[in-house]
Amino acid sequence: MTTLERLEAWRDAGVISDAQHASLSAIVRRDRFSLYVELNAILYIGVIALVTGIGWTARDYSAAVGDTVILLTLTLLMVASFGYCFVKAPPYSNLETESPSFGFDYVLYFACLVLLATLAFVETRFELFEGWEAHLLIASVVFGAAAYRFDNRFVLSLALSTLAGYLGLTIGFDTLDSERLRLAGFLYGAFLLGVGVLSKRIAVKAHFLDVYLQVGANALLLAAISGVVGSDAEWEYLLVLLVLSAAAIALGIRFKRFAFVAYGTVFGYAGLSIRLIDGLNDAMLILLYFVATASLVAFALVRLARRFGRDA
């Protein structure tokens, strides 16, 4: 039996979906196939590497060429990049808008990262903001505005993660195991979920819903599992974590969002394992537990992924 015949048999048996069959058959036949996702990832990594190189250059040569030259260069790069985006972008719309060109999103991302580098340089050399909190707040506000103006989910996720960093610094990372930081995590996650649902209801960038749900769900689950690890109420936090995990799995299955099923499964399994092995002193028993349970979890996720693939 040839590979193509095996693929047809798997498709007929429901092991793989029609879309998966078409993709795998194209590879077997050596047909052309899209590298769009891979190229996107490479280009975004290239932008990050470029800005990182600019930051290192600014740090290493600031004494030689002067702070004014470095700051002026960073400012010109940022203004030119944002200016290009404003010139090329279509008018603002509450609906999803298509990127005007292939390189547009990368220029926007480059502009945002250069802004971060500029603020970091100013804080490092001049201590203008007297701390990194204002630096992160300014960046998160600009990123959020840019995400909505230019309809970019990636920049929106950057804005939300930067805002999370601002909240963490405001509370203080030296209190990482405190209830205040966990409460902030719960409130932040709930806030993002609320904003996402509201944007969907009022039809203002409704397609941003998935970004808000992704970041919000992870914030809630991280806050809960931090209580399982380092709190006086470990079992109470475990109960909260299991409820949140079950909700993520159930809603993920209902709305066909496998990522949330994975989040709920992995976080729930991790929290439950932490508490179950806490009293075990036998290294071999702990190893056997993880080998057995991790295999079951991986098998369940693979089965669910196949189900999602068939339903897609």
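The values are calculated or read from the model by the stated rules, or taken from the named source; none is laboratory data. No experiment lies behind these values; they were computed from the predicted model shown. Note that each Cβ is placed from the backbone with ideal geometry, even for glycine, and that neighbours are counted across all protein chains shown. Just so you know, the surface numbers come from the protein's heavy atoms only, side chains and all, with ligands and any DNA or RNA stripped out. Shrake-Rupley method; radii C 1.70, N 1.55, O 1.52, S 1.80 Å.
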Filter the DSSP H helices in the chain by two things, a Kyte-Doolittle mean of at least -0.5 and an axial alpha-carbon span of 18 angstrom or more, and list the hits by number.
-> 36-65, 67-88, 104-126, 132-150, 153-171, 179-201, 209-229, 234-254, 258-276, 283-311
Subtracting the Cα-Cα distance of Ala9 and Val122 from 0.36 nm times their residue separation yields 34.4 nm
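Find the relative contact order for the chain and round it to a whole percent, using C-alpha pairs within less than 8 Å whose residues are 6+ positions apart. Could you put the intermediate results ahead of the total?
Numbers: 289 pairs, mean separation 38.7, N = 312.
Relative contact order for the chain comes out at 12 percent.
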Taking every C-alpha to C-alpha distance in the stretch 240-295 and binning by 5 Å from 0, the per-bin percentages run 4, 21, 22, 18, 15, 11, 6, 2, 1
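Using the Cα gyration tensor of the stretch 87-230, with a ≥ b ≥ c the square roots of its eigenvalues, what is the shape: rounded (a/c below 1.5), prolate (a/b larger than b/c) or oblate (neither)? Spell out each step's value before the answer.
Values: a/c = 2.67, a/b = 1.24, b/c = 2.15.
Oblate, because a/c is 1.5 or more while a/b does not exceed b/c.
In nm, what is the difference between 0.36 nm times the number of residues separating Leu183 and Asp232 and their Cα-Cα distance? Before the final figure, lay out the partial values.
Working: separation 49, 0.36 × 49 = 17.64 nm, distance 1.46 nm.
Here the answer is 16.2 nm.
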Per the Kirkwood treatment, what hydrodynamic radius in Å, one decimal, follows for the chain from the mean inverse distance over all distinct Cα pairs?
-> 23.0 Å
Extent along principal axes [Cα atoms of the stretch 46-170; Å; largest to smallest] = 46, 32, 22
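In µm²/s, what is D for the stretch 188-243 at 4 °C and 1.567 mPa s, where D = kT/(6 pi eta Rh) by Stokes-Einstein and Rh is the Kirkwood radius from Cα pairs? Kindly include the intermediate steps, with their values, before the conclusion.
Details: Rh = 12.0 Å.
D = 108 µm²/s.
Compactness ratio of the stretch 182-312: Cα Rg over 2.2 N^0.38 Å, N = residue count?
1.17
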If R0 is 25 Å, what FRET efficiency do you get for Thr73 and Asn94 from their C-beta distance, rounded to 0.05?
-> 0.10
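Could you tell me the calculated FRET efficiency between Ala305 and Leu276, based on Cβ-Cβ distance and R0 = 35 angstrom, to the nearest 0.05?
0.85
Can you tell me how much longer the chain between Asp60 and Ala206 gets when fully stretched, taken as 0.36 nm per residue apart minus their C-alpha distance, in nm with one decimal? Before the final figure, lay out each step's value.
On the way: separation 146, 0.36 × 146 = 52.56 nm, distance 4.39 nm.
Result: 48.2 nm gained on full extension.
Excluding ligands, DNA and RNA, what is the solvent-accessible area per residue of the chain at a probe of 1.4 Å, expressed in Å²? Walk me through the numbers before you get to the answer.
Details: 18280 Å² over 312 residues.
Averaged over the residues of the chain, the accessible area is 59 Å².
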Top of Leu238, Leu163, Leu296 by mean-square fluctuation, Gaussian network on the chain, Cα under 10 Å | Leu296
Carbon and sulfur atoms: what percent of the 1.4 Å accessible area of the chain do they account for?
-> 68 percent
